[in-house]
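Worksheet: one structure, shown below.
Where a number appears in this text, it was derived from the coordinates with a stated rule and is not lab data. A quick note: this is a predicted structure, and the numbers were derived from the prediction, not measured. Here the Cβ is made from the backbone with ideal geometry for all residues, glycine too, and neighbour counts use every protein chain on show.
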Amino acid sequence: MAENIQIINEVTLSDTDVKCPGCGATVKYDPATLKMLCPFCGASRELPQPEAGAVIEELDFNTAIQRASVNWGSVRKLIVCANCGGQSLYDASQVSGCCPFCGSTSVMPAAENEQIMAPGAVIPFTVDNAKASSCFVDHIRKKRFVPKAVQQCKLENFVGLYLPFWTFDTDTVSSYIAKIGFEHTDSDGDTYYTYKKYKGVRNEFIDDIVVYASDKVKHPHISKVQNFYFDRLVPYKPEYLAGFAAERYTVGLNDGWERAKVQIAKKLKSEIGEYERKRNRGDTCKEVQLSTDYYNVKFKYMLAPMYLATYTYGNRTYQVAINGQTGAVYCDAPNYIWKIILFILLGLFALPFAWGLLSLLLSALFGGFF
């Protein structure tokens, strides 16, 4: 099936929502207070929070091309990195000299005839820059065999951005054959299994299957810290993106759905196998063959917060990823475990020599006893 969504490059609307009503300066979203904040006069404005219970619309998959919004609520430009292929959306007035994913300065505007579907929901940043830096230091402190001097390293190329995700809901009807194993013991005490096949039909509603909507970014640590609380979504407002970049999705709606179906099949096979094992008092489930029909498919396109950074220790640069909602951190770090291993190996090699030297010494002192 052809890709449902064609995407837009720039949407021009009033930018009054990101201007301070008091002094006219540009305001930004502040993760520390969860408000829009003016850095000049201090004026602030509340934004909707997850616990407020605002309704986030789920779009019908089959009518997506008619209903999908391309309204980002402000003028935005698409920047493509020639080094890593990352594609980021910025405020049109914002000047960026480097890629947020790899730090390369080889960035250029994308073709203006592309369209970019606007998100329907967002997980706002709740960790600000200072807290993110503190989380990094705490993470380094907990690592073993890391030089203490690493804790003093400053985060560089520090950038906050929103990552793209699809979520899918669907009703399913599955016909299946489950192969259940039963354990036996022979006369020699050896264990063996016999297997029986059980057929059935399962109806199940699948809720919020999450698919990361990018294949371009090669950052090594994003996947390690992208365990977001997706139940804390709020309806998308352009104010949340003020001061942040947003990664453009490169896994389209149809491709995202195909990946979601792989997750759904794995989930259904696991549940069906366990159900038939227990129902038939089996000991194991060897395999489940499955055929599934999907209907009433709904989807959401949403953004989730992430900080990316680097730090330098010695003559090497290390990459860092920090979850902008939970503060979870993952990064590489230098360590001196190789020194410990080398010391042990030298000790092992030196041990026979040491024993030989000790024996000679003791023989010289006590004669033939050694």
### Query
If you take the beta carbon distance between SER134 and PHE40 as r and set R0 to 30 Å, what does 1/(1 + (r/R0)^6) give as a FRET efficiency, to the nearest 0.05?
0.70
### Query
How far apart, in nm, are two points set 7 Å out from the Cα along the Cα-to-Cβ line at THR317 and at HIS184?
6.5 nm
## Note on the structure
Too long for a 31 Å Cα-Cα cut-off, among LYS131/LYS237; LYS28/LYS267; LYS269/LYS298, are LYS28/LYS267
### Query
Zone of LYS237 (label point 7 Å along Cα→Cβ, backbone N under 19 Å): which residues in the range 120-137?
120-128
### Task
Would you mind checking the range 257-286 for residues with the amide N under 12 Å from a putative spin-label position 7 Å along Cα→C-beta of TYR193?
277, 282-286
